[in-house]
Amino acid sequence: MELFKKSKIEKEIRALPNGILTILVEAAVSVNINSIAIVGGVVRDLITKSKNQDFEIIFNDLDLIIEGDTSIYVKELQKILGPERVKVIRNNRNYKTSEIQINGIKIDIAAARVEKYPIPGENPIVESSTIKNDLIRRDFNINAMAIELKENKLIDLFYGLDAINHMEMDFLHESSVLDDPTRIIRASRYSAKLDFDLSNQALRQIKDTVNLWPWNWNIGDNTDLAPSALSIRLKMELELLLKSKYWKNGLKKLQTWEGLKIVDSKLQNDKRLVEKILIAKKSNIEPLTALVYESKNPISLAKRLHLDQQQKEIIEGACQLNKYLENLAANDLYKKWPPSKWTSFLEEINANDSSFLLEICKENPLKEYLKAWLYKWRHIDSPIKGDDLIAKGWSPGPEIGIEIKRQRMKLIDEENIY
């Protein structure tokens, strides 16, 4: 088939240098690798392009799978092209993968393998295998195709071509979600990006599996014991979704599928979730930070997803701020507060600016006061400085600081801007 000739592939993916695929095959032959194939989204996009010439292939990297040792293969590539042209970025011996760059082109190379999940949701045990067996372990039928480069042929075990034609994707196995619940998040990203539907069978699998909750850990348990697919790997998939151009549609699909239950029940039921995250993004808040803060227990979820320290501090500061404001809103005294009183109150909390922004995005009932302080009052300085007071005969000491603060608060009240 013309589509799968190496020269044709290089023509369609302009980022690939002419002849690079032939070199990749020659290196494989040199070290007795039985088979080498392109896998992943590039295969899906090449097929889509063949059916719709207006379709744009957005190339980020090339995913290769080989029946052999990736380290030996990479060394052979360096021997053929020279070590200066083949840069090794990362080797992962446990998963038998290598990440390299050839002339700046990122290439992910994986040894064909099978994966066994001894405990659902945990990391799998990896064993070497064939390319066909490797395709069986993948997530969706549209991603389980490969172009074998030695023979220039398509390997399609799960009717991926038909799925593309009908714009409908499906899980490969009845236990796909059980084994790896992050596939739900991945499904929403692909579905939103490609404008594909999930099959009815896939939708039933999501709802049935999540409602059954077959994993050995439940939300509310010790976050340190959460399996990888409900913690660190879940974070990675959420980040990929929220950074994509199609994140809004992806989140809506997750709520429709009841897929956000694996993250948090409050997020699942929040009809304004997309709107809140959009406001946060416009305020330069990382969308994952905003998502976590909208959950039932943000601090616990931040720990479970292994957010970085800065994200945790922003969320903790916002939770602290929210607690202070809830106590304040319990009576009406704040309504009589002048701007200076609000300024003193909020500056004693000493939270990160982003923490204030999170509370504002969350539509706190007192958000107008938060905005007034964040954008106006706190930027008002005292009209008089310490040197000015000393020049007027004041003695150095704490009284100077008190007077500077008094003058600042007086000016803030005179501005009286909400």
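The values are calculated or read from the model by the stated rules, or taken from the named source; none is laboratory data. Treat the numbers as computed from the prediction; the structure is a model and nothing was measured. Cβ: placed from backbone, ideal geometry, glycine included. Neighbour counts: every protein chain shown.
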Legend entry - Matching residues, segment 1-30, being under 33 Å from the mean Cα position of the chain (by Cα), charged (D, E, K, R) and part of a loop (DSSP other than H, G, I, E, B): Arg14
Legend entry - segment 47-99 - residue that is hydroxyl-bearing (Ser, Thr, Tyr) and out of contact with any Ser or Thr (no Cβ under 7 Å at 6 or more places or on another chain) and, of those, farthest from Ala112 (Cα to Cα): Ser50
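Condition check ((1) assigned to a helix (DSSP H, G or I); (2) of a type outside the set (Asp, Glu); (3) modelled with pLDDT of 90 or more) across all residues:
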| site | (1), (2), (3) |
| --- | --- |
| Tyr369 | yes, yes, yes |
| Ala372 | yes, yes, yes |
| Arg378 | yes, yes, yes |
| Ile384 | no, yes, yes |
| Ile400 | yes, yes, yes |
| Glu403 | yes, no, yes |
| Arg408 | yes, yes, yes |
| Leu411 | yes, yes, yes |
Inset, instruction - Scan (1) surrounded by 22 or more Cβ atoms within 10 Å (Cβ to Cβ); (2) touching a residue at least 40 places away in the same chain (Cβ under 8 Å) for the single condition Val263 breaks and write down its number. - result: (2)
Legend entry - Near pairs, Cβ below 8 angstrom, 6+ apart or cross-chain, from segment 91-117 (over 21 Å from Ala144 (Cα atoms)) to any residue that is buried (at least 17 other Cβ atoms within 10 Å of the Cβ) and among the hydroxyl-bearing types (Ser, Thr, Tyr): Asn91/Thr70; Asn91/Thr97; Asn91/Ser98; Asn92/Ser98
Inset, instruction - Would you kindly identify the strands (runs of 3 or more DSSP E) lying entirely within segment 76-179 that contain at least 2 residues that are out of contact with any Leu (no Cβ under 7 Å at 6 or more places or on another chain), modelled with pLDDT under 90 and surrounded by fewer than 19 Cβ atoms within 10 Å (Cβ to Cβ)? - result: 86-92, 113-116, 125-128
Legend entry - Test for Arg204: is it at pLDDT below 95 and surrounded by fewer than 17 Cβ atoms within 10 Å (Cβ to Cβ): no
Legend entry - Residue identified as under 28 Å from Ser300 (Cβ atoms) and not in a helix (DSSP H, G or I) among Asn327, Asn364, Asn331, Asn322: Asn364
Inset, instruction - Would you please list the contacts, defined by Cβ atoms under 8 Å and residues six or more apart or on different chains, that run from a residue in segment 286-300 that is on the phi < 0 side of the Ramachandran plot to a residue that is aromatic (Phe, Trp, Tyr) and assigned to a helix (DSSP H, G or I)? - result: Pro287/Trp247
Inset, instruction - Kindly check whether there is at least one residue in segment 249-267 that is of a type in the set (Phe, Trp, Tyr), farther than 18 Å from Gln310 by Cα, at pLDDT 95 or above and not assigned by TED's automatic domain parsing to the domain that holds Glu316. - result: yes
Inset, instruction - Kindly list, by first and then second residue, each pair from a residue in segment 190-212 that is of a type in the set (S, T, N, Q) to a residue that is part of a loop (DSSP other than H, G, I, E, B), limited to pairs with Cβ atoms under 8 Å and residues at least 6 apart or on different chains. - result: Ser199/Asp170; Gln201/Asp170; Gln205/Glu174; Thr209/Pro181; Asn211/Glu258
Legend entry - Search result, residues across segment 372-418 that are within 23 Å of Ala280 (Cβ to Cβ) and surrounded by 15 or more Cβ atoms within 10 Å (Cβ to Cβ): Ala372, Trp373, Leu374, Lys376, Trp377, Arg378
Inset, instruction - Test each condition in (1) within 24 Å of Glu168 (Cα to Cα); (2) over 21 Å from the mean Cα position of the chain (by Cα) for Asp195 and report the one that comes out false. - result: (2)
Legend entry - Any chance Val25 is within 17 Å of Lys150 (Cβ to Cβ), in contact with a Leu (Cβ under 6 Å, 6 or more places away or on another chain) and surrounded by fewer than 19 Cβ atoms within 10 Å (Cβ to Cβ): yes
Inset, instruction - Would you point out which residue out of Thr70, Thr48 is surrounded by 13 or more Cβ atoms within 10 Å (Cβ to Cβ), of a type outside the set (A, V, I, L, M, F, W, C), touching a residue at least 12 places away in the same chain (Cβ under 8 Å) and closer than 30 Å to Asp162 by Cβ? - result: Thr48
Legend entry - Among the residues listed as Asn94, Asn34, Asn52, the single one being farther than 25 Å from Asp156 by Cα and not hydrophobic (A, V, I, L, M, F, W, C): Asn94
Inset, instruction - Identify all residues within segment 386-418 that are among the β-branched types (Val, Ile, Thr) and under 26 Å from Trp342 (Cα atoms); write none if there are none. - result: Ile400, Ile402, Ile404, Ile412, Ile417
Inset, instruction - Kindly indicate whether any position in segment 335-346 is at pLDDT below 90 and not assigned by TED's automatic domain parsing to the domain that holds Lys276. - result: yes
Legend entry - Residue that is nearest to the chain's Cα centre (by Cα) [pool: residues in segment 330-357 that are hydrophobic (A, V, I, L, M, F, W, C) and loosely packed, with under 14 Cβ neighbours inside 10 Å]: Ala330
